[in-house]
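Below is one structure, written out as structure tokens; the observations come after it.
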Amino acid sequence: MPASENVLVIEPGRAERHYWRDTWAYRELFAILAWRDIAVRYKQTIMGCLWALIRPFLTMVVFTVVFGKIAKLPSDGASPYALMVFAGMLPWTFFSMALAEASNSLIGNANLISKVYFPRLIVPTAAVMVAFVDFLISFAILVAMMAWYRFVPEWHILLLPGFVLMAFLASLGPGLWITALNVKYRDFRYIIPFVVQLGLYVSPVGFSSSVIPAEWRLLYSLNPMVGVIDGFRWCILGGESALYWPGFWLSIVVILFFLWFGVRQFRRTEKSFADLI
């Protein structure tokens, strides 16, 4: 046998010992699944990419009117209220869509999971890439708004990819846990939209987190998206939006905890997926 051929050895316990190495070895499958999900989302659609632009834009308009004009909540510094809202809408839309896509990913790939061996962690991780593409499309609105308001970002904008990674991890951890539960308990698919809708209003999307009383701010930061949204605004609005550092570090701790917990619960139940699905 030529030395260049790859040999797949199947033996008891091997997949457990070399799980992360196998995950890396199947990186091409990850790319194929991610591309397939993206193509399915935009293929043969009337709105196409426009939906990724219209939905966050209309939500931003509603929040600007309700919180900015009617409730008259303050913006961050002198930055336009609409720009502050959309800077928070971007990571939230990414998080909510990534959580929804990851949570239903195993059910949507039931035929593949029941027939072929590969690290199942690839499936929900690839599903999150659909939300990332929507995020990139929506980012075009932010660029257009900054041009409209003649708002020039400061050097903080260079750190934005780090907060995008935070949003990715914040959605992946709970997504892994919920998709594992969704395989066994199918009614979890109805819980996720409610949780996402509730989270939209308890997270600082339509308002600045600076309106939260100082004695409650650290507790409020237990919501991991608070640190992500504040980080986005800090990167985009610069000095106009101060970053609450104690809450930011607490959000990172919460994100890492849910990521660890999600991976742990996913790995514990992974062996039963093919039988339950």
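Worth a mention:
- Contact map, segment 100-113: residues that are under 12 Å from Asp37 (Cα atoms) paired with residues that are part of a loop (DSSP other than H, G, I, E, B) and at pLDDT below 80, Cβ distance under 9 Å, separation 6+ or inter-chain. Pairs shown: Asn109/Ile277.
- Pick from segment 32-48, criterion open to solvent by less than 70 Å² (accessible area, probe 1.4 Å) and closer than 16 Å to Ala140 by Cβ, ranking: modelled with the highest pLDDT: Tyr42
- Ala170 meets each of the listed conditions (1) surrounded by 16 or more Cβ atoms within 10 Å (Cβ to Cβ); (2) of a type outside the set (Lys, Arg); (3) more than 18 Å from the chain's Cα centre (by Cα) apart from (3).
- Residue check for Phe132: at pLDDT 85 or above and outside any loop (DSSP other than H, G, I, E, B): yes
- Qualifying residue in segment 73-81 (condition: open to solvent by less than 20 Å² (accessible area, probe 1.4 Å), assigned to a loop (DSSP other than H, G, I, E, B) and closer than 18 Å to Val205 by Cβ): yes
- Qualifying residue in segment 222-239 (condition: aliphatic (A, V, I, L, M), over 17 Å from Gly173 (Cβ atoms) and surrounded by fewer than 21 Cβ atoms within 10 Å (Cβ to Cβ)): no
- Here Leu136 fits the description: free of Cβ contacts under 8 Å to residues at least 40 places away in the same chain, open to solvent by 10 Å² or more (accessible area, probe 1.4 Å) and not polar (S, T, N, Q).
- Checking the stated criteria, Val116 turns out not to satisfy the condition of being crowded, with 21+ Cβ neighbours inside 10 Å and on the phi < 0 side of the Ramachandran plot.
- If the condition is being over 16 Å from the mean Cα position of the chain (by Cα) and within 19 Å of Phe139 (Cα to Cα), then segment 205-240 contributes Gly206, Arg233, Trp234, Cys235, Ile236, Leu237, Gly238.
- Phe257 closer than 30 Å to Asn109 by Cα, of a type in the set (Phe, Trp, Tyr) and open to solvent by less than 40 Å² (accessible area, probe 1.4 Å): no
- Of Arg55, Arg41, all but one fail to be in a helix (DSSP H, G or I), under 30 Å from Tyr117 (Cβ atoms) and not small (Gly, Ala, Ser); the exception is Arg41.
- If only residues of segment 49-72 that are open to solvent by less than 30 Å² (accessible area, probe 1.4 Å) and under 20 Å from the mean Cα position of the chain (by Cα) are counted, the one that is modelled with the lowest pLDDT is Ala52.
- Count of segment 201-213 residues, restricted to those that are surrounded by 17 or more Cβ atoms within 10 Å (Cβ to Cβ) and in a helix (DSSP H, G or I), is 2.
- Within segment 179-197, being part of a helix (DSSP H, G or I) and open to solvent by 20 Å² or more (accessible area, probe 1.4 Å) holds for Leu181, Lys184, Phe188, Arg189, Tyr190, Ile191, Pro193, Phe194, Val195, Val196, Gln197.
- Any hit, segment 214-222, residues being in contact (Cβ under 8 Å) with a residue 60 or more places away in the chain and assigned to a helix (DSSP H, G or I): no
The values are calculated or read from the model by the stated rules, or taken from the named source; none is laboratory data. A quick note: this is a predicted structure, and the numbers were derived from the prediction, not measured. When we count neighbours, we look across all protein chains shown, and the Cβ atoms used for this are built from the backbone with ideal geometry, even at glycine. The accessibility values were calculated without ligands, DNA or RNA, using every heavy atom of the protein model including side chains. Shrake-Rupley method; radii C 1.70, N 1.55, O 1.52, S 1.80 Å.
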